[in-house]
1. Could you check residue 258 against (1) over 30 Å from residue 36 (Cβ atoms); (2) of a type outside the set (Ser, Thr, Tyr); (3) crowded, with 18+ Cβ neighbours inside 10 Å; (4) at pLDDT 85 or above and say which number it fails?
2. Considering only residues that are farther than 18 Å from residue 259 by Cα and among the acidic types (Asp, Glu), look in the stretch 183-204 and name the one that is nearest to the chain's Cα centre (by Cα).
3. Just to confirm my filter: which strands (runs of 3 or more DSSP E) fall fully inside the stretch 155-262 and include at least 2 residues that are of a type in the set (A, V, I, L, M, F, W, C)?
4. Hey, among 180, 212, which residue is closer than 17 Å to residue 244 by Cβ, surrounded by 23 or more Cβ atoms within 10 Å (Cβ to Cβ) and within 16 Å of the chain's Cα centre (by Cα)?
5. Pairs needed: first member in the stretch 226-247, over 24 Å from residue 29 (Cβ atoms); second member anywhere, assigned to a loop (DSSP other than H, G, I, E, B); C-beta distance under 6 Å; at least 6 residues apart or different chains.
6. Has the stretch 290-303 got any residue that is closer than 29 Å to residue 325 by Cα, modelled with pLDDT under 85, within 24 Å of the chain's Cα centre (by Cα) and not aromatic (Phe, Trp, Tyr)?
7. Checking residue 50 against (1) out of contact with any strand residue (DSSP E or B) (no Cβ under 6 Å at 6 or more places or on another chain); (2) on the phi > 0 side of the Ramachandran plot, which single condition isn't satisfied?
8. I'm trying to understand the selection: among the residues of the stretch 1-39, which are β-branched (Val, Ile, Thr) and in contact with an Asp or Glu (Cβ under 8 Å, 6 or more places away or on another chain)?
Amino acid sequence: MNREPATIKAAAAQLRAAKLENPAEALAYIHGAIEQAAEQGVELLVLPECAYPAYALGSAAAYRAARVMDNAALVADLSSRAKRHAMHLVCGFVEEQGAALANAAMVIDHRGKVLGIYRKTFLWGDGNDVFTPGDEVVPIKTRWGKIGIVICADARAPETIAALAAQGARLICVPTCWVNLAKTPGEFYNPQPDFLIEARAREFALPFVCANKVGEETPALNYCGFSLIVDHTGRKLAEAPPDETMILCAEVVTNKPATSRLSAEVRERLETEDPPVLPDPGRLNKITVAAVPTGALLPLAEDAEGHDLLEMLASDGASVVATTVPDKETSERLGMYARAIGLRLVGYALRERVVFDTFGSYACVSGAQMMSYATARVRALDGAAILFVTDMPTDLALLRTRAAENRVYVVGTAESAAVIIGPDGAVLAACSSNDPQPVTAALDLRQAADKLVFPRTDIWTQRRVHACRAAFGRRHGAAGQPVSR
């Protein structure tokens, strides 16, 4: 296979959602997208998750009762069209596996040959009732090199992308049904197109082509559009609006993936199925945290003004102050004064482990460690409700992703910046480098004990360690149940 960078005219087909009872409509949407893409000279077309016949099946029985084209006929249909237009297709579909169903995507090359099928591993909401999760995370070989397929919520698990990168994937295709999670009628939002895909692309140095739907399949299930193509730096090459069908095109250059060197301890924690430590809600409190840029505190630390700043934060209701302290001596001196006025100062990574304090559980993570998913993931698995990030990176999308993928708070500080991020990735407070001032936010740490990212979608339950472990050549470990701490 060609391992040099390849330039591909790629497209994401943003289709209107079709209902299960109308599979002919879904097929017509697919056919129309292929024809439009062919007219634009597209070489690789990515279609949405369950583009045929629908995502919202209700039940396996409802699917089998519908007048749906069987898998063999669907493959034959799409293969003939791929061959006719000399186009590669990545199409999400419902795969029939005897009595079971899988949420799958097929890759068909320009000759009409099926190169491979990927099955979704991270199931979402009611999809747990209908689909059997996949048990392999393996890229598919094409004439451009290996292509990784992730389906919708799969992208929320960093191990999935890491496994594909470790096996040499040079491009990630994402058939998706990004649900509209906006709380205000008429608005559209989902964290994946907002910040997560950008961060994934940058961390693993891989371009992404993401195809979503618009409209609704049921009154409770509507989609946000925002189909997206980004390069290996996370730069947006093209983005669709939230409510229009379209063929989104861009010239995509494949890239050699970036992989992280992990310590034996971190690797072992990530690749075994030792149970996660779930923060005990009864030991987590509502607290107010202040994040202080280093430049706003340390120049004052040698005189009374530094004490005045801490006293001001205490009087404003803060119980924990986060900053970046460069050495242990300064940390201890400021920490002693902070304790004298009822504050807990966190800003120097004294221990490489989770600390269970009176206000809750936390871990200190350096900015360099946050550039990879691994350390933050391990600290969250070990029970941290907050990650205090010293010398935080300037990559806000990445920091938001670390919070969202682990359902933890992230409190970051640097010389002239500070940010506080919630478990859903929302920025609760931040200051810019132009005005480096302390920022505060009220945190309910019990939210970090709730690992449900969506009803019936627990991030740890959906973490298919065995599917990713094979990519790193590891044997299966013993499964375990979560424990409280």
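1. All conditions are met except number (3).
2. My answer is 194.
3. On the way: elements: 171-175, 208-211, 213-218, 221-224, 228-230, 236-239, 246-253.
Correct list: 171-175, 208-211, 221-224, 228-230, 236-239, 246-253.
4. On the way: 180 fails: surrounded by 23 or more Cβ atoms within 10 Å (Cβ to Cβ).
Only one candidate passes the filter, namely 212.
5. 231/207; 232/205; 232/206; 232/207; 232/255
6. no
7. (1)
8. Our first condition is that a residue be β-branched (Val, Ile, Thr); within the stretch 1-39, this holds for 7-8, 30, 34.
Within the stretch 1-39, 7, 8 qualify.
The values are calculated or read from the model by the stated rules, or taken from the named source; none is laboratory data. The shown structure was predicted, so the numbers you read here are calculated from the model rather than taken from an experiment. Positions of Cβ are generated from backbone atoms using ideal geometry, with glycine treated the same way; all protein chains shown enter the neighbour counts.
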